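The values are calculated or read from the model by the stated rules, or taken from the named source; none is laboratory data. Note that the coordinates shown come from a computational prediction; the quantities given were computed from them, not determined experimentally. Neighbour counts run over all protein chains shown; Cβ positions are idealised from the backbone, glycine included.
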Amino acid sequence: MEPRSEVLAGLEVQGSKIAYFACGRGLEMTREACPNTQIWLVFQGKWTETQARKSRLLAVAEAVAYAPKEPCRRTAEEPILALSVQIPRNVGLHSRQSLKWEQIRALWQLAHHVGESHSDPFIIEELLLNFEPSQPNRLSDRAPTWALRARDIVHDEVDNLPCLSSLAGRVGISPNHLCAQFRRSFGQTLSQYARRLRLNRAIVELGGSKVDDIPIWAEAGFFDASHFWQSCRKEIGLTPREIHLAMQRP
């Protein structure tokens, strides 16, 4: 049987379409004919994106944006459940950019509102403003090589982070310059980036577990359940239970 795709739930506000999208393993999708900007947030499964002979894997809790008619092919490696946001114009986003944290936060909140029986269109429009050109992106592909290296070190060693002076020494730059350039390149401080990595790991666990089943907060490096709850509210704008529900809908 050929793999299929299906829109499970959605809404439309001012021409923008927000929907839960599901597809079977092996489905291939291309964008050459799509006139819309499209942003995805993966809740379940993973897909391989191939563009200009380069491939990368997108998995649970990862987000990506595509420009209108941006040439790429995506293949579902596992059954997918994801949030799709389509904006009927070019807003300057493309897959070589890293979305700002404010945009990722907006995606999670859009997912929450799509699942509600009565969504406030004013709230939806306010969230969509995060993707407009008036909200400039921080382009990580323009960051200095040493800043990208520092980001990779934090990503790989988030469970046992080096001190700031050690990290700066490893990339050959002063601590002050590292902090300033990192924020300029990625739109967040080093400590925010590390905290959000831990939070993202916990969110991945939330997608496959009942909220109260295991001490997710401990495995992700939070002090206690209260610290985890507060971090979710501060960084995502949702409680852990609301995040869990968003990843299971509809």
Legend entry - Single condition S134 does not satisfy, out of (1) loosely packed, with under 14 Cβ neighbours inside 10 Å; (2) assigned to a helix (DSSP H, G or I); (3) modelled with pLDDT under 90: (2)
Inset, instruction - Might you let me know whether region 33-42 holds any residue that is free of Cβ contacts under 8 Å to residues at least 12 places away in the same chain, aliphatic (A, V, I, L, M) and out of contact with any strand residue (DSSP E or B) (no Cβ under 9 Å at 6 or more places or on another chain)? - result: no
Legend entry - Residue list for region 9-24, restricted to those being in contact with a Lys or Arg (Cβ under 8 Å, 6 or more places away or on another chain) and under 15 Å from S84 (Cβ atoms): A9, G10, L11, Y20, C23
Legend entry - Filter result (hydroxyl-bearing (S, T, Y) and over 27 Å from S55 (Cα atoms)) within region 78-135: S117, S119, S134
Legend entry - First in region 117-129 and within 13 Å of E12 (Cα to Cα), second anywhere and β-branched (V, I, T) and in a helix (DSSP H, G or I), Cβ under 9 Å, 6 or more apart: I124/V114
Inset, instruction - Mind telling me which of the residues L127, L167 ends up being farther than 18 Å from G237 by Cβ, modelled with pLDDT of 90 or more and outside the structural domain of T239 (by TED's automatic domain parsing)? - result: L167
Legend entry - Subset of region 182-192 that is surrounded by 18 or more Cβ atoms within 10 Å (Cβ to Cβ) and at pLDDT 90 or above - its residue that is nearest to A143 (Cα to Cα): F182
Inset, instruction - Report, by residue number, each residue of region 137-150 that is surrounded by fewer than 19 Cβ atoms within 10 Å (Cβ to Cβ) and modelled with pLDDT of 85 or more. - result: P144, T145, W146, L148, R149
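A quick yes/no check of all residues on (1) crowded, with 20+ Cβ neighbours inside 10 Å; (2) within 14 Å of the chain's Cα centre (by Cα); (3) in a strand (DSSP E or B):
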position	(1), (2), (3)
P71	no, no, no
T75	no, no, yes
N90	no, no, no
Q97	no, yes, no
I104	yes, yes, no
L110	yes, yes, no
Inset, instruction - All but one of (1) over 17 Å from A111 (Cβ atoms); (2) in a loop (DSSP other than H, G, I, E, B); (3) not basic (K, R) hold for A61, so report the exception by its number. - result: (1)
